[in-house]
Every structure is written in C-alpha cells, then in structure tokens.
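Report on the following structure.
The values are calculated or read from the model by the stated rules, or taken from the named source; none is laboratory data. Predicted model, so just to flag it, every value in this text is computed and none were measured. So basically every Cβ, Gly included, is an ideal-geometry build from the backbone, and we count neighbours across all protein chains shown. Protein only, heavy atoms only, side chains kept; ligands, DNA and RNA dropped before computing areas. Shrake-Rupley method; radii C 1.70, N 1.55, O 1.52, S 1.80 Å.
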Amino acid sequence: MRNFIINSTLLLSVLLIISCKQETKKGIVPLSNSISLKNESEIDSLISLMTLEEKIGMLHGNSMFASGGVERLGIPELKMVDGPLGIREEISRNSWASAGLKNDFATYYPAAGGVAATWNPELSYTFGNSVGQEARARDKDMLLSPAINIIRTPLGGRTYEYFTEDPFLNKKLAVPFILGVQDNDVMVCVKHFAANNQETNRGTVDVLMDERTLREIYLPAFKAAITEGNAYSVMGAYNRFRGDYLCENDYMLNKVLRDEWGFKGVVVSDWAAVHSTVKSLKNGLDIEMGTPKPFNEYYLADKLIAAAKAEEISEEEINKHVKRILHVLFQVKAISGTNRVKGSLATEAHYKDAYDIAAESVVLLKNEKQILPLKLDGVNSIAVIGNNAIKKNASGGFGAGVKTKREITPLEGLQNRLSKNIKINYAEGYLERYSENNNDQKEDVTHNGPIPVNELDPIKLEEALIAAKNSDVAIVFAGSNRDYETEASDRTNLKLPFGQEELIKKVLAENPNTIVVMIAGAPFDLKEVEKNASSLVWSWFNGSEGGNALADVLLGTLNPSGKLPWTMPKNIEDSPAHATNSFPGDESVTYKEGILVGYRWFDTKKIEPLYPFGFGLSYTNFEISDLKTDKPSYLLDDNIEVSFSIKNAGNTDGKEVAQLYVSNPTSSVEKAAQELKGFKKVFVKSGDSKNVTITLPIKELAYYSEVKKEWVVEPGTYNLKIGKSSRDIIQEIQINIVPN
Ligand code: BGC
C-alpha cells in the first residue's frame, strides 16, 4: 500500500497547479488513488469463479491494443492506447492497419523533448491531464506513456520521445505527467523499463552497466514514477539487461520494481518483447502484448495453459498476476466504476494546453545582432525557406504517431500572425529525399534507418536564393522530421540532412538578415550554422499549435523561455557513449562512461559543448544575486533552503529557469563535476525582482554505494551553484554536511 500514498509536498504543488485549471479538469487530486481494500474480497471472489483459461486470457493480448476480459463475470478487456505525443488513432483488432474511424482525431501534443525544454513541471501536469482526458474520451484504460528513458546518445532514434539526459529533470517532469493522466481514471504505462537507450539491435542487445550507474542515472525517474507518481503500470523494454530480457528479468521486475519500490500495478510487455512462458511470468511480467499473429500463440496464452496443466507453474502464481490486473481495472473504475471520467477529445481547451507547452519550449540559441524578435517596421516581405516550414510531424514514428485535424506548420503560424501587408515569399529550399541505395547502410552497423540525400536540387536552391534576395528578412526552417528521427533506428551521424547546411550558407550570403530555425527532436551538428548565422532558434515536433507558438516567439508576442534538456555536442565523438567507443555495441553494449552521462561527462572532462545542457536565451536580461542558504551546516536528513533573487533588468517581461547544480569536491568516490539538483521557472516582469527559494533535501545529494548497496550521503563540503545554464553559473555558495 505504501507506494500508493502521494508524497505530501508533491500533492500540495499539484493542488496548486490544479486550482488554476478548472475547466476540463476534475479539480481535485484523487486521494482515493490507493488501491481500495474493499475491492480485495471482490477480486478474490471473481478469481474463484474463473476457469484457468479465463485467467490466462487476461494475461495476453486478445487484440492489438487490449488484453482479455471475462464477459460472463463482467470483467472488461484492458484497453490500451499509444502514446507519448497524444492519443493514437484506433488500430484494427488483428493488424497494424488503421481501424478507419472518423471520430478518433486527437490533439497532437509537443514531443517530450519540447516538454522537457519548458523546464516546467506544471506544464507536464497540464499535458498529462489533457491527454488523460483524451484517453478517456476514447474509452481507454491505459495510456502507453510517458516514455522516460535517459538520452544516452544524441543519435538515438527516440530522443524526441524522451525527456532528457538528466535523471533529476527527468523525474521532476515524469511525476506530474503521471498524476495528470491518472487523475482521469486512466492509468499510465511508464516505458520502457529500463536501460533501453538505443534502437540499434534493441530487440536483442544485452545492456551492461555497473549498479551505481543504473541507480543514479537510468532508474531515478522510474522509481519516482512508482513511489511519487503512483503509476499503475510499467512497460518492460525490448532489450536484455545483464543477460536476461527485460520482460523476464527477475532482478528488475521482481527485486527492484516490486520488492524495493513496492510497485503494486501491472507490468505489460513492449509489443512482441516476450521470449518465454514460465520464466516471464515468474520473473515479473503480467501481460504479454504483441504484433500480429494468432493471439493464442502468444507465450502467455496456450503455452501457459499447457505449462499450468503440466504443473510447471502453479495456479496460485497465475492468480497473482490476474489479481494485479483486476486491481488496476478497479483502480481506474473500469470495473464497477461510478462517475468515471468521460473525457473529451481535440477540444479547443486541449489545443490551448498544447499551445501553452509549445509556447515555453522554444529555445533561443543565438541572437547576436538582436534581429529577434522581428521588428516589422519597414519590413514588407519575409522569405520563408525550407521544407520544414510546411512539413507536418504529427504522424509517423510508430507508436508515437497522432492522427489530428490540427497541425499548424511554421509557415501557417506566420501567416496567422503576420499582417496581410507583409508578403511571405515561400520557397521549399531543400527536398526531403532518402537514398534507396542501402550500401552505406551495410557498412555502418549503427544505421538501419533512412539515409538522407544530401545534395540540393538546383531549381529549389535557386528559388530559395531569389526569395531571400527579394525579401527584407529570411527565415530558414531546417532540422529533421519524424521519418528521419524515428523509433527502430538510430541516426548515423549528427549532420544536417538534405543539404541544409549548404542551403543555409547560401541564403545567408544572399541576405544577412537571415534567421535559422531548427525543427528537430535531437541534437544536430550546428557548428557551421552557428558560425554564420546571427540568430538561431530551436523548436521541436511541437504539437497541434507548434507553428503558432513559434511565430509568437519570432514576432515577440512570446518571450522565449525554453532551455535545452540535453547537451548539444560539437562533434559526436565528444559525447560520452561515443568517446568511450561504447555505442551501439553488438550482442551486448557496456555503458563505459558510467555515471558520466550527458553534461556530467562534458563538465567533468572539461569538453566544450556547442550548447550546454540547460542553455537558452531570452529577449530580456535576468540578473541573479543574493544566493543564500538558511544555514551553513546541515544534518543528513535536513532540507537546504536555497534562496536568491532574480531581477528582470531588461525591457520585456519573461520567464527564467534558475538552475541549481551541486558539486562535492571532498567526495571519496568518483563524482561528476556538477549535478542538477533543483530548478525553478519564474516569471518576472520587466524591472521587477523576485525572491526565489528552492528546497533541496539532503538526501538528493546521496550517491549509490555498491559496497553497502544503499544510498549514502557523505558528510563534507558541497558547493551549491545557481545559474542560467550548466555553463552559466552566476553564484556559488559552500555548505557543510555533518553526521547526525
Ligand atoms: C514501442 C512502444 C509502443 C508499442 C505499441 C513498440 O514498438 O516500443 O513504445 O507503445 O510499440 O505501439
């Protein structure tokens, strides 16, 4: 029961969030989240009435996105739906084909990278609550989201689906999202548990890392999802971990997830990630899902009936799994639920939620000559160049695709927001083309995805240069898309695809008033672009309202407040997994960089990134000062109250993300040069100052001791640093931790 009690601080903050959002929301945090004991006897009696076949019918898919129910006893199927960017369209029961419905158009929300770039947990709650409503409107019980794997390599095909390279930011965004979804009588399925950080060989690769790295980097968000977010379901990943597939991994599923963290919900397999019958069940899997084949051929179907009959597995063991499923069905009111949330789909309120997230996600990377926000006085024409100005990104990417009626492209956003007196000269600039010749692919084991054609089409180039020349300002929309960045493959390199680098260079030569806007979910090599362009903006696969939010940032209606949730390296070889030559491995991959993932590596090894973790500019200028702690010295179970002042010294209202990093120079074990341990996004009006406090529990400063097999806070000196990014530290203060 322990894990179903919501942490009180979190509860308070979520209550505050919810109090501002009444319209489509329930308006209360469900304290009834704990699995109700009164269902216990009902569950037992249901189980006593079930045949072995009926029980086993509940343990595997009986359609592409539902596991079986028992109609005669009033037990419904457990109905699932993807995914991370919004509710996926209805799929046929027996194949991946669309069900062809007309009423399943949904809101397309910003991809996780964009959500993370907001550095705003309240918006993560907004997202969860909004998408939870949509899941209910489609009568679903389980949303296959959030996806919270750590971004280990910038080349990862699913980088855009995940939040960040940092475990602290990851958990601070995952938990409110989960609470938001589950406030709507629908459960999350937190995926992909765990150490699923590459697409290359994802179905087989055996991931190896030391225990400390696992605990400090790859598990914290999953742990918080259970112990603070109270997630009712978890998805086992495709890959292996220390020899065993993650859907039959006793250590991860039984020992860590259930015994240590007290997880009481259900473990669902990733689609076709199961490799055994008795072993999977005994080692912690509850429901097997898969890709098209007769459902009775699943490992947890006829084979399990045979194993039970042969007494290779006891009926008691089977009952245990059935019981867990019944628990969560009761929990979301799928069984005997009164007043279950009905939800709503693709409403204006939900599009507004998508807008609000997109609005805080855009990252201003460079604005040297202050071209941005665009000053329109005297501007008669704007060249909008690049296929990404018109490219739609809602669909694609397997389970992360969304069928939507609204996706405002960057070009449409500008058309919506600019006065009709300003002429937009659109030119496609580059073509999204892929090589059909897979020879390069064979030579490069890291690549099993699409290979871009990097030559520009001369006619398209010419059109772009004419548009740039004949316009007062040019904006090039470059980057990638959901075909190039996708599940099931990793990228080969960081290069900008489709000849974009050359295009940008030539457009800049034609018109120095050129702004470059990246639309992408993962880092790219922007060295050349950065050198040549004076203004550089980063946007994401940014949801139904992405184009409007982006136009508002470019035109200054919105002051950008996004910060990078990962490090943008200068070269791929600078990134830890690549510097240690430990990506993608082969049959196995050893995470040789250990705890030094992302900026932890760059800072410790003193490598200059192109843009550091946490980086993002504003149209105004924030000054941070007066860093203080409430005491100089702390005991092991204290909280540190870190306070400081933020002044908006510029002319524009705006939000700043104050970031708290900690170093522990006296540590007896290896530590990263610094680690993010707190942050706060604050709105400050131009000319105003605000006092800000971040509470840092000393237990956040613990490292995982492999010797003691527990978290240890070392007494000693710690430096607390407050900054605007991991490389823009403004003030530093020292505190001591003394033994209790
Ligand atoms: C993905 C999951 C997704 C599932 C169902 C798998 O390929 O890894 O994230 O939820 O398919 O579409």
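Side notes on the structure shown:
- Condition check for K699: within 21 Å of P632 (Cβ to Cβ) and either of a type outside the set (V, I, T) or in contact with a Pro (Cβ under 8 Å, 6 or more places away or on another chain) (or both): yes
- For region 256-306, a residue qualifies if it is over 26 Å from the mean Cα position of the chain (by Cα), in a helix (DSSP H, G or I) and surrounded by fewer than 20 Cβ atoms within 10 Å (Cβ to Cβ), and the qualifying residues are D259, V278, K279, K282, N296, E297, D302, K303, I305, A306.
- Search result, residues across region 331-354 that are part of a helix (DSSP H, G or I) and buried (at least 20 other Cβ atoms within 10 Å of the Cβ): Q331, H350, Y351, D353, A354
- Scan of region 451-479 for residues that are in a loop (DSSP other than H, G, I, E, B) and free of Cβ contacts under 8 Å to residues at least 60 places away in the same chain, ordered by number: I451, V453, N454, E455, L456, D457
- Number of residues in region 397-428 that are assigned to a loop (DSSP other than H, G, I, E, B) and among the basic types (K, R): the value is 4.
- Residue within region 204-219 that is within 15 Å of the ligand (Cβ to nearest atom), over 22 Å from V712 (Cβ atoms) and not in a loop (DSSP other than H, G, I, E, B) present: no
- For beta carbons closer than 6 Å, sequence separation of 6+ or different chains, a first residue in region 228-250 that is assigned to a helix (DSSP H, G or I) and a second that is within 16 Å of the ligand (Cβ to nearest atom) and not charged (D, E, K, R), the qualifying pairs are L246/G236; L246/A237; C247/G236; C247/S269; C247/A273; C247/V274; C247/L285.
- Entirely in region 495-596, the strands (runs of 3 or more DSSP E) that have 1 or more residues that are under 29 Å from V473 (Cα atoms) and touching a Leu at 6+ places or on another chain (Cβ under 6 Å): 514-519, 535-539
- Test for V507: is it crowded, with 22+ Cβ neighbours inside 10 Å and of a type outside the set (D, E): yes
- Region 463-480 - residue that is buried (at least 22 other Cβ atoms within 10 Å of the Cβ) and of a type in the set (S, T, N, Q) and, of those, farthest from Y160 (Cα to Cα): S471
Each row is one residue, and each column tells you yes or no for (1) in contact with a Lys or Arg (Cβ under 8 Å, 6 or more places away or on another chain); (2) under 26 Å from E675 (Cα atoms); (3) buried (at least 23 other Cβ atoms within 10 Å of the Cβ).
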{"residue": "R212", "(1), (2), (3)": "no, yes, no"}
{"residue": "I217", "(1), (2), (3)": "no, yes, yes"}
{"residue": "A224", "(1), (2), (3)": "yes, yes, yes"}
{"residue": "G229", "(1), (2), (3)": "no, yes, yes"}
{"residue": "G236", "(1), (2), (3)": "no, no, yes"}
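- Selection status of V175, assigned to a helix (DSSP H, G or I) and in contact with a Leu (Cβ under 7 Å, 6 or more places away or on another chain): yes
- Residue check, A520 within 20 Å of the chain's Cα centre (by Cα), over 30 Å from T213 (Cα atoms) and touching a residue at least 24 places away in the same chain (Cβ under 8 Å): no
- Check on A135, farther than 30 Å from P523 by Cβ, assigned to a helix (DSSP H, G or I) and hydrophobic (A, V, I, L, M, F, W, C): yes
- Members of region 141-153 found to be in a loop (DSSP other than H, G, I, E, B) and within 16 Å of the ligand (Cβ to nearest atom), listed by number: D141, L144, S145, P146, I148, N149, I150, I151
- Flag: G156 does not match the condition of being within 30 Å of P612 (Cβ to Cβ), more than 14 Å from the ligand (Cβ to nearest atom) and either part of a loop (DSSP other than H, G, I, E, B) or not hydrophobic (A, V, I, L, M, F, W, C) (or both).
- When A400, A427 are checked against the criterion of being surrounded by 17 or more Cβ atoms within 10 Å (Cβ to Cβ) and within 20 Å of A468 (Cβ to Cβ), a single residue qualifies: A427.
- Some residue of region 312-331 being hydrophobic (A, V, I, L, M, F, W, C) and within 16 Å of the ligand (Cβ to nearest atom): no
- The numbered conditions (1) surrounded by fewer than 21 Cβ atoms within 10 Å (Cβ to Cβ); (2) in contact with a strand residue (DSSP E or B) (Cβ under 6 Å, 6 or more places away or on another chain); (3) not aromatic (F, W, Y) are all true for E608 except (2).
- Criterion: acidic (D, E), more than 16 Å from the ligand (Cβ to nearest atom) and open to solvent by less than 10 Å² (accessible area, probe 1.4 Å) - qualifying residue of D250, D166: D166
- Picking from residues in region 269-293 that are in contact with a Phe, Trp or Tyr (Cβ under 8 Å, 6 or more places away or on another chain) and away from the ligand (no atom under 15 Å from the Cβ), the one that is farthest from N239 (Cα to Cα) is T277.
- Condition met for S381 (away from the ligand (no atom under 16 Å from the Cβ) and either buried (at least 20 other Cβ atoms within 10 Å of the Cβ) or farther than 22 Å from G83 by Cα (or both)): yes
Conditions (1) within 25 Å of A272 (Cα to Cα); (2) buried (at least 24 other Cβ atoms within 10 Å of the Cβ); (3) in contact with a Phe, Trp or Tyr (Cβ under 9 Å, 6 or more places away or on another chain), marked per residue:
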position	(1), (2), (3)
Y160	yes, yes, yes
N184	no, yes, no
V190	yes, yes, yes
N196	yes, yes, yes
T204	yes, no, yes
F241	yes, no, yes
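- In region 388-397, the residues that are buried (at least 24 other Cβ atoms within 10 Å of the Cβ) and either under 13 Å from I87 (Cα atoms) or free of Cβ contacts under 8 Å to residues at least 12 places away in the same chain (or both): A394
- Selection within region 345-371 - of a type in the set (G, A, S) and over 17 Å from K403 (Cα atoms): A349, A358, A359, S361
- Note on region 84-126: residues that are away from the ligand (no atom under 16 Å from the Cβ) and open to solvent by 10 Å² or more (accessible area, probe 1.4 Å) amount to 9.
- Of the strands (runs of 3 or more DSSP E) that lie entirely inside region 675-729, those containing 2 or more residues that are touching a Ser or Thr at 6+ places or on another chain (Cβ under 8 Å) and farther than 22 Å from E122 by Cα span 710-712, 716-725.
- Looking only at residues in region 625-641 that are part of a strand (DSSP E or B) and out of contact with any Ser or Thr (no Cβ under 7 Å at 6 or more places or on another chain), the one that is most open to solvent (accessible area, probe 1.4 Å) is S633.
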